[in-house]
Protein chains: 2
Amino acid sequence: MEKLGSDLFLMENEIPWERIDDKLSRQIVGYNNDIMMVKVKFKEGGIGPVHDHIHSQVTYVVSGAFEMFIDGETRIIRGGDSFYIPPHVSHGAVCIEEGMLIDVFSPHREDFLED
Amino acid sequence: MEKLGSDLFLMENEIPWERIDDKLSRQIVGYNNDIMMVKVKFKEGGIGPVHDHIHSQVTYVVSGAFEMFIDGETRIIRGGDSFYIPPHVSHGAVCIEEGMLIDVFSPHREDFLED
C-alpha cells in the first residue's frame, strides 16, 4: 500500500473546504495510513445518513447540536460532547443547530482521498 | 491483547477530568485498541514537553493559542488549526493563551489507561 502522510502543520485558512452537499462541507486535515482527521461543517437540517464502515471512529462536537443515532440509540449531542463508533456499527446524524464535528478514523478513509 | 472499547456516547459533563499538573488536565473519551481521543485543557504557560512515541497522532485546536514544535519547526497555532505527528517524530507544545486540544492517537495510548 502507498505510504501516506499529510503535512505536519494544518492551518485552518490554508486548506480548502470540499462541498459534500448544500448543508455539509469538509476539510481533510492530518492523516497517514493509520489515522485521518476530518472537519465537517453542518448547516441546520444537514444529514449524515445512517451508514457503517470497517473503520473505528471517534468524533468531537466543536459546536452546534446534533440528533445522533448509534447502534439503535438516539441522543442529542452538543459542543463538548463526543462519541465512539466501533467498526461495522450503524450511525448517522441530523444537525439541529449549525455546527462542526471533528471525525477521526482508523485506518484512514481511502474513499475520501479518491474524490 | 485485551479487546477495549469505550462507551459510545461520551457526554462532556459525565466524564471526569484527570489532573496532569497545575496547568494541564485531560478527559479520555472514545477509544478502542486502534484509536483513542483525549481532550487536553491547558492554562497559559502549560507545557507539553518535547517527546515522541510509536503512535500516529492528529490534533485539533479547539481554542487558545500554542507555540507548537514538530520535528525541528515551531509555529503558533490557534483555534481551528490542527497538526499531524508521524510515529517517532519529536513534538511539544507551550500554551500561550488558555485553551483546549483534541489529541487522537492510533493505536490507543495504553499508558493513559494504566494511571
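When B:L10 is tested against (1) surrounded by fewer than 16 Cβ atoms within 10 Å (Cβ to Cβ); (2) in contact with a Phe, Trp or Tyr (Cβ under 8 Å, 6 or more places away or on another chain); (3) of a type outside the set (D, E, K, R), only condition (1) is not met. Across region B:11-43, the qualifying residues are those that are assigned to a loop (DSSP other than H, G, I, E, B) and of a type in the set (V, I, T), and the one among them that is farthest from A:V61 (Cα to Cα) is B:I20. Residue check: A:M36 meets all listed conditions (1) within 11 Å of chain B (Cβ to nearest Cβ); (2) of a type outside the set (F, W, Y); (3) within 20 Å of B:D7 (Cβ to Cβ) but one, namely (3). Tally up the residues in region A:44-57 that are of a type in the set (A, V, I, L, M) and part of a strand (DSSP E or B), please. So the answer is 2.
If you filter region A:32-82 down to residues that are touching a residue at least 60 places away in the same chain (Cβ under 8 Å) and of a type in the set (A, V, I, L, M, F, W, C), you find that the one that is surrounded by the most Cβ atoms within 10 Å (Cβ to Cβ) is A:M36.
Regarding region B:58-70, can at least one residue be identified that is over 21 Å from A:K39 (Cβ atoms), touching a strand residue (DSSP E or B) at 6+ places or on another chain (Cβ under 9 Å) and in a loop (DSSP other than H, G, I, E, B)?
Taking every residue of region B:58-70 in turn, none turns out to be over 21 Å from A:K39 (Cβ atoms), touching a strand residue (DSSP E or B) at 6+ places or on another chain (Cβ under 9 Å) and in a loop (DSSP other than H, G, I, E, B).
Residues in region A:39-73 that are within 26 Å of A:D7 (Cβ to Cβ), within 8 Å of another protein chain (Cβ to nearest Cβ) and β-branched (V, I, T): A:V58, A:T59, A:V62.
Of the residues making up region B:71-82, just one is more than 15 Å from the chain's Cα centre (by Cα), in a loop (DSSP other than H, G, I, E, B) and of a type in the set (D, E, K, R), namely B:D71. Residues in region B:13-31 that are surrounded by fewer than 16 Cβ atoms within 10 Å (Cβ to Cβ) and at the interface with chain A (Cβ under 10 Å from one of its Cβ atoms): B:N13, B:E14.
Please tell me if B:G46 is modelled with pLDDT of 95 or more and either under 22 Å from A:G99 (Cβ atoms) or more than 14 Å from the chain's Cα centre (by Cα) (or both). Considered against the rule, which asks whether it is modelled with pLDDT of 95 or more and either under 22 Å from A:G99 (Cβ atoms) or more than 14 Å from the chain's Cα centre (by Cα) (or both), B:G46 comes out as no. Each residue in region B:83-111 was checked for being outside any strand (DSSP E or B) and either facing chain A (nearest Cβ under 7 Å) or surrounded by 15 or more Cβ atoms within 10 Å (Cβ to Cβ) (or both), and 5 of them qualify. Within region B:9-24, residues that are of a type in the set (V, I, T) sit with their Cβ atoms under 8 Å from residues that are in a strand (DSSP E or B), at 6+ positions apart or across chains, in these pairs: B:I15/B:Q27; B:I15/B:I28; B:I15/B:V29; B:I20/B:R26; B:I20/B:V40.
The values are calculated or read from the model by the stated rules, or taken from the named source; none is laboratory data. Just so it is clear, the structure is predicted and the values come from calculations on it, not from any experiment. Positions of Cβ are generated from backbone atoms using ideal geometry, with glycine treated the same way; all protein chains shown enter the neighbour counts.
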